[in-house]
Amino acid sequence: MARALRIEFEGALYHICARGNKRERIFTGEKDYLLFLQLLGQSVERFATEVHAYVLMPNHFHLLARTRRANLSRWMHWLLVAYSVSFNLRHRSSGHLFQGRYKSFLVDGGEYLVGLSRYIHLNPVRGRVIGAGDPKERRERLRAYRWSSYRGYAALAKPGDFVSEELVLGEFDGRSRAKVREQKLGYRRFVEEGLLREIENPFEAVQWQMVLGTESFAQKIKDKLGRDRAREVSGVGAARSDATGPEAFVMRVAKHYQMPLEQMLAKPPYASEAHNVAMWLLWQKAGLTLREIGTLFGQIDYVAVSQRIRRVEQRLTKERKLRQTCQILNV
């Protein structure tokens, strides 16, 4: 079955979710959680995005985020590759960390926005095991959970530096001088009501596998895409597999050249064929920018990345063996 098309435009608001490969853990301890949050904060500035809510669970994460540019794919590629590479280096492992593509859908405002944020924040106390206990016990665990944006929203801790709360809190009234405080307390009551009764799963209301919102919102998205792309939104379009993702190329090149991953991601010598071929593949096939590639390989300058890619292209016109290598790595 074909995968749903990615819809990207300026100002788009998304729910984003990614799971561990074979549902295995992507966070094994505090250092992993802190590393991901550090990279997420860096990515917000790098890609001009806004994170409105998040939760990190042992084998998956959820984000509620807005892209100020049409760059969801580039943002997620950078974040997932940077974290995967760092995770594998720290834990001396290799291979895919995440299961397939990340999932995303567009989100409307109003009740859809706040309902989804509540669903995200209740993740740490939902399910047969982690959701056990009476409402009071679950509330205590929810308020104590460190790896989500809820404590900041609920006025229980300082909000994360990269979390933008205004969009969600703007849906809650605040009439006094302490308006934000009132909004936070109103939001806390709204979320914790979900501990007393079963709340609707917002994913069940998603249309076309891509849009959560009113019929008019869905129609606006359809009109934005245009007639030629409307059929793709309904599930007809194709998408590239994660076998062509950035992490897959880096791993593949390292294995082909029998180079440890730690060495592969260190600042490379200019004449290193393995590094230069990896950069060429990431530029040609994975859609990363020169700056993004330079960040992955020891923070080298984008001009140096461009020179290395040009060097590979020049050699490809003359060297049959290198052409064969690139063909093998690109399969």
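Taken together, the residues in the stretch 110-146 that are assigned to a loop (DSSP other than H, G, I, E, B) and open to solvent by 30 Å² or more (accessible area, probe 1.4 Å) amount to 10.
Of all residues in the stretch 58-75, those being within 21 Å of Trp147 (Cα to Cα), open to solvent by 10 Å² or more (accessible area, probe 1.4 Å) and either of a type in the set (Ser, Thr, Tyr) or in a strand (DSSP E or B) (or both) number 2. Screening the stretch 190-214 for residues that are assigned to a loop (DSSP other than H, G, I, E, B) and open to solvent by 40 Å² or more (accessible area, probe 1.4 Å) and picking the one that is farthest from Tyr112 (Cα to Cα) gives Leu196. With respect to the stated conditions, Leu196 is over 21 Å from Ser43 (Cα atoms) and of a type outside the set (Val, Ile, Thr).
Checked against (1) among the aromatic types (Phe, Trp, Tyr); (2) outside any helix (DSSP H, G or I); (3) under 29 Å from Gln284 (Cα atoms), Trp78 passes all but a single condition, namely (2). The test for being open to solvent by less than 30 Å² (accessible area, probe 1.4 Å), under 23 Å from Ser73 (Cα atoms) and either over 22 Å from the mean Cα position of the chain (by Cα) or touching a residue at least 60 places away in the same chain (Cβ under 8 Å) (or both) holds for Ile309. The set of residues in the stretch 281-328 being closer than 18 Å to Lys255 by Cβ and polar (S, T, N, Q) consists of Gln324, Thr325, Gln327. Kindly indicate whether Tyr14 is part of a helix (DSSP H, G or I) and in contact with a strand residue (DSSP E or B) (Cβ under 7 Å, 6 or more places away or on another chain). The answer is no for Tyr14. Of all positions in the stretch 229-247, at least one carries a residue that is under 25 Å from Lys285 (Cβ atoms) and at pLDDT 70 or above.
Considering each residue of the stretch 83-105 in turn, at least one proves to be farther than 29 Å from Ala154 by Cβ, open to solvent by less than 20 Å² (accessible area, probe 1.4 Å) and among the aliphatic types (A, V, I, L, M). Filtering the stretch 253-272 to residues that are open to solvent by less than 60 Å² (accessible area, probe 1.4 Å), within 18 Å of Ile328 (Cα to Cα) and part of a helix (DSSP H, G or I) leaves Val253, Ala254.
So which residues in the stretch 292-306 are in contact with a helix residue (DSSP H, G or I) (Cβ under 7 Å, 6 or more places away or on another chain) and either farther than 21 Å from Gln263 by Cα or surrounded by fewer than 15 Cβ atoms within 10 Å (Cβ to Cβ) (or both), if there are any at all? Those that are in contact with a helix residue (DSSP H, G or I) (Cβ under 7 Å, 6 or more places away or on another chain) and either farther than 21 Å from Gln263 by Cα or surrounded by fewer than 15 Cβ atoms within 10 Å (Cβ to Cβ) (or both): Asp301, Tyr302.
Each residue in the stretch 184-201 was checked for being farther than 15 Å from Ala157 by Cα, of a type outside the set (D, E, K, R) and at pLDDT 90 or above, and 5 pass. Filtered by the rule that a residue be assigned to a strand (DSSP E or B) and open to solvent by less than 10 Å² (accessible area, probe 1.4 Å), the stretch 17-57 gives Ala18, Gly20, Thr49, Val51, His52, Ala53, Val55, Leu56.
The values are calculated or read from the model by the stated rules, or taken from the named source; none is laboratory data. This one's a predicted model, so the numbers in the text were calculated from it and none came from an experiment. Because the Cβ atoms are built from the backbone with ideal geometry, glycine has one as well, and the counts that use them run over all protein chains shown. Ligands, DNA and RNA are excluded from the accessible area calculation, which covers all protein heavy atoms including side chains. Shrake-Rupley method; radii C 1.70, N 1.55, O 1.52, S 1.80 Å.
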